[in-house]
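Data block below; observations after.
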Amino acid sequence: MYFFLNERNLLKNTSILLFFCFFASILNLLPIRNAKAAVNDWVITGENGKKVEGNIITWTGIHSAADENAIRYRTISYYMSRERFELKTKFTNGSNTSIKKQKVNIENLGGYDLDGLKFRNYAMTRKDFIKTAAKLGITANDLINGSVTIYLNPVYESYQGEKTRKSNIFGLQEMLAAEYWSEATQKLLEDLYNVEYTITASNIYNVNVIAVDKDKNEIKTLRSKDKVMYGQSYDPKITNEEKTIRSSGVEFQYTDQWSYTYEDRVSEKKNTISNLSSRVYLSEVPDANKLTIYMIYDSEKYPPYYVDIIAETEDGEKLTTFEKGKKVEGGSPFEYSLKDNQKTLKDKYYYANKWYLTYTNKNGKKKTEDKKNSEKIYQVMPEAMAESTAIFHMIYSLDPDAGDDITPPEDPGPELPEITVPKPDYKSMPFTKVSATGSIRADDRGSEKFVATLGVPTTESLYGEVRATDYLIGYNLVKKVGLKQYPIKVRKDYILVWTAATPEDELAEGEEPEQMTETVTIEQTITVPRAYGYWEIEDLDYYTINAATLSNYALPNDSITLSPNLSYYDVPSIRYYHSSSENYHIIPPKEASSGIKLPAQTITGGRDKPVLPQEDFTKQAYTMTGNIKVKSDHIIYDGVTVMNDSIVETEAPDINISPIKQCDTLTNENVLYKSGQIIEATKENGDFGSTGSIRYRCLTSDVSSKSNTLSYPISGINNVIIHTPVLCDPIIESDNNKYVQLINPNKSAVQLVLDQQPALSDFTVRISNTGLHSYMQGYFTRDFSKSLRDPSRSYISGKNELLRNEVKFPFDVYIDIGMDGKAENDEYIKSDTWITIGKSTARFYLPMWVEEGTYTAEFRTVAVNCIGTVNGMDLSKLRMTEEEKNTDRKNYVATNTAQFEVSGRIYGLTIYDLTDYPIWEEVFRIPNSSEFKKSYPDKYPNGTNKPGYNKGYYYDYALGTNDQYEKDTGRNVKYTFPLVNGSHPFYKNTGILKTGYMVRFSLETTGSMYSNGAMISIQPSFYFVDKKGKNRTAVDLYYSESFHGKHQPLVKVGSKLDLTNVKSIRTGDIDHGIPENELRQTAFVREEGYGDFIWNTKEMFTFSHIRLTDAFRTFIGNEYAKSVRKLHSYEKVAEDNITEADMIKRTQRWYGAYYLPNQVYAVKKDYNVMEYSGKYGVDFSEDFWLRDGYIIVNLRIETLDQYGERHLSYINPVNYQENGYCSMWIMEDPPLSKT
């Protein structure tokens, strides 16, 4: 709602418009309704409801005083333009950037508080308004035919209480984004932009340009129709031809000197600016009603000639000669007045107050000028031929009344002292032009750690520096001169003395007549003029630097204020006194108040009273009245007196303006300088523009022509690029290769082996932040976890008191808390969880339920300013990543990857049964039972690590004396591979297995061998040694056996026929010996009925290939599951739906069987027995059959994954020899020889 009120205030006879804007809690303007444009003589405003009168516009902002914490806004200035701004885009974008604009200052007039409301008054003056229009290029030519339309757009600042939050908010979109405004405010704001004003032609006034001589006599008017408007420039464009003019026959030349006078538009005071030189040009015309420019010309020096003055009749008859042969020059004035006895000639001719001039010009041509009607001759002499004679003809008439229409000169009266008025003077200095440049750079000045225009990280510091004009000065000092007319009372006493007219007869003898005396005082008031001249400060503008502001997003609170460092800021001092009162400057002569007392005069008469003389006291008043005493204003500049205020008569001393120098120096680099401006850690990366302003404060405010504070833009301020560097270089260490049994390992991956013991899958991770980031100054190669300014600060974001060096594994892990190797305090971390490890080294290891395979782990280092989303997008900055280092500043996260390969194990090859009964029966089986002693370890202890033989122990035969960790088990070497005579626990000559008897064995795996389709492939190869175990030779085996319903007399092991001779075994076959508890547990894990499971009968082997499938596999990870359940981390494991079954099945035991046929024959490898048999037949008595020795069976044991691919190798010879990987054969350490 708008309220309007007219008052008389501030300026005399100036109508003030008070513009009440009611603001809501955050200075929200309410909608405007039913308003019409108000028209005034100098401007028309299109802003609804706004009325403009006089030379000033004021408005009052009103808001509640109750909530000081509310965020409000206020207008700090306006920008004027001749084009509308596009409101839907930022004023700094697109076509808006090409719109020319100029700032209009507003003045804060203060205010008051009333009834819980705060009233604050503001104003714009007409002078500022029109001058700003002139800066936009608007001139009188634009207004001559009507008016010009301009647009005002506000510049706001937001504030809270007494604190300014954001400054210089220009543009609707910028304002909407500056703070969180209410919906009502947002709707209102658009109406406050592109406010239309129309500047009318009433701002135009006339300029006259007049040619005058040195005595200010007008010669010619050169310009009279030019129009100007306050603030615009004016150039009369005087031509070369106009610099030489002729008048009255005299040629004048322009002297390059000029002055001007104008009448101030507001005060109507006349001002004169003198002693200007060279080209006539005003860069900025004053605010005036009219302006007159005086161009000073001088006549040329002409050769002398002579003048005669004659009297002649109206018919041209010469009567007499008054003067003859008076020497004159062209351009010089000539005067002549007739004496009284010359005004009548021959008693009949009377001067008719007319005369004219005849002369010979320089070309010899006779010239006669027009007659002039005047009593006396006054003529500027024309240029004439050298040594010629010019004649003034004074005309006489027979009519005595001729010339009566000419006013005769007044009686001059008594001759009075001449009063000389001092010459006026005017001294001025144009106001200083400001130069201000600034920079924002990285600390420390002179040895900057970074180049601000290339990149500076957050947490580092900047410095701001401004070099600006030291001070601003300008003045207009006027010497005021004139005459004061003082009424002087002059008194004189006349003492009249006479003798009384007493008849003698009435006198006694000897008595004299009475002497009569009377004193008569005559008083006359005489107006006496007295000249004066004193200097007064018309305006004195002296400004020193108050502060400079540099604004850039990188700075604290987006800007810094630089106040002058007084240790380096040394500018001239100033002291002054000014009074605009004439009474201060002029001290009247004392006679003006006391009058003059003339000496008394005695007048003696006879017997009659004397008559008073008719005396005029004027001359006495003039001569006896003292002079005016004057004193000027006072100025002491930089310790030197410029304007002296001493009291003197008539004319004050001239001023000494030499100490006041125009400022052409810039501030010392330390005056406006502030370092240590820390870039807030969380500020986002980017290239940010800079602005700045410098404010000067007035030290002569009561005599200044300008505002108390002047603000100027600072140019040349560089942009600042924020680029917080992060570098991510993961360092992973592990020593698990010696346990890796992969046939085709990924040599670039970190190898992790699944086992109950964490040491096989453990690894350490450390993320280094040291390296080459980029080639920008301050970056290069270094530790990017530390700020250069303060190594205790980091470029890396923090989380839970750790720097965000983070790793994410695609598999579950345990982290070793405290790096103490104790599982009980370790934490379980689910896969795909970002783990913050800071700068320390963290140890991890795998739970056994991780699937085998190759994985890529992710690493990242998060910059300290990685907060929120990308500006203008719904995109988290965490997703703005770059590999290894963020060389592109739009990225906030440096990433890296590392490959891990997870594999299982195969180990524990053990013979647990030999079917050559009864010799071996009691070694393995419980007496009178088909069950194995080994299944009941509590009842039948392990006898392999005890001396002698005991039927109460169980026995088995392992590959070697070490376990799968290469630790000595204490096993007697007797109970290891191979079995030789003497390997039997009781019979010393028994051990070598006879053909036809079954060997039952087991082995164990870890990892993903629980899956369907996974199996163990065992391929036997055969060798022959003689009875002494020497002369080992590779052989092929042949056998005779009945299968497929008939006897097969000659079958080669590995032939197609042999491959059809498949041996099958039932899972729950009691002779096969898989413990019941394992079978039941496995059926449970498989979610299969026990009965169904144990009655599975599956193929197991041919004589050339053993294949152990899931029918012969049990899950035995009970101990591991038990150990996990005991840990405090188990709760999280359970929450992750990791079941006991998941843990149990990760350790598998495989049961296999194999035998060689009873009738088996060996021949050197690759001997073609079948070809021989085809030619000759075979009866097994042939010489190529090997006899009297032993067959050694070598087993190549490998796992096949669920896809049938070879996966793990028990022996792994190539990888062991070439890469240092695991050969379980070597690790379990079988004896190299047995006897």
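Rule-based calculations on the coordinates, nothing more; no lab input. Bear in mind that the values here come from a model prediction, so they are computed numbers and not experimental data. Note that we place each Cβ from the backbone using ideal geometry, even for glycine, and neighbour counts take in every protein chain shown.
Structure summary
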| read-out | value |
| --- | --- |
| Nearest-20 debye value, segment 536-599 charge dipole, Cβ charges on Lys, Arg, Asp, Glu | 360 |
| Linear extension gain, Thr764 paired with Asn1158, 0.36 nm per residue minus alpha-carbon span | 136.3 nm |
| Charge dipole (debye, nearest 20) of segment 238-303; +1 at Cβ of Lys and Arg, -1 at Cβ of Asp and Glu | 80 |
| Distance between modelled label sites at Arg879 and Asp916, nm, 7 Å Cα→Cβ extension | 7.2 |
| Positive-end residue, the chain charge dipole about Cα centroid, Cβ charges, pick of Tyr302, Tyr1130, Asn194 | Tyr1130 |
| Residue exposure sequence - Leu742, Leu319, Leu1232 - by fewest surrounding Cβ within 10 Å | Leu1232, Leu319, Leu742 |
| Helical mean residue ellipticity (222 nm; -39500 (n - 2.57) per DSSP H run of 4+; nearest 500) of the chain | -2000 deg cm²/dmol |
| Mean Cβ neighbour count within 10 Å, used as a protection proxy, ranking 965-975, 128-138 highest first | 128-138, 965-975 |
| Whole-number percent relative contact order across the chain, with pairs defined as alpha carbons under 8 Å at least 6 apart | 6 |
| Two-site label geometry, Ser1040 and Asp558: point separation in nm, points 7 Å out along Cα→Cβ | 10.4 |
| Förster radius 35 Å - calculated FRET efficiency between Asn168 and Asp888, Cβ distance, rounded to 0.05 | 0.70 |
| Förster radius 30 Å - calculated FRET efficiency between Ser332 and Asn145 (Cβ-Cβ, nearest 0.05) | 0.05 |
| Cβ charges +1 (Lys, Arg) and -1 (Asp, Glu), total dipole of the chain, debye | 4880 |
| His984, His723, His1047 arranged by Cβ crowding within 10 Å, fewest neighbours leading | His1047, His984, His723 |
| Label of the coordinate-derived value, log10 I(q)/I(0) by the Debye sum over Cα atoms at q = 0.06, 0.07, 0.09 Å⁻¹, listed as (1) -0.63, -0.82, -1.16; (2) -0.82, -0.95, -1.21; (3) -0.61, -0.82, -1.31 | (2) |
| Segment Glu242-Thr854, extension gain: residue separation times 0.36 nm, minus the distance between their alpha carbons | 210.5 nm |
| Among Ser794, Thr125, Val380 - extreme Cα towards positive end, dipole of the chain, charges at beta-carbon | Ser794 |
| Gln777/Ser748 FRET efficiency (R0 41 Å; Cβ-Cβ; nearest 0.05) | 0.70 |
| Distant-in-sequence amide H partners of Val528 (H built 1.01 Å from N, under 5 Å) | Tyr486, Ile488 |
| Inter-site label distance for Ser675 and Ser705 at 7 Å from Cα along Cβ, in nm | 4.3 |
| Length released on extending from Ser374 to Lys220, taking residue separation times 0.36 nm less the Cα-Cα span | 53.2 nm |
| In sequence order, calculated HN-Hα J values of segment 456-472 (Karplus, 6.51, -1.76, 1.60; Hz; x Gly/Pro) | 9, x, 5, 6, 7, 10, 10, 10, x, 9, 10, 10, 9, 3, 4, 7, 10 |
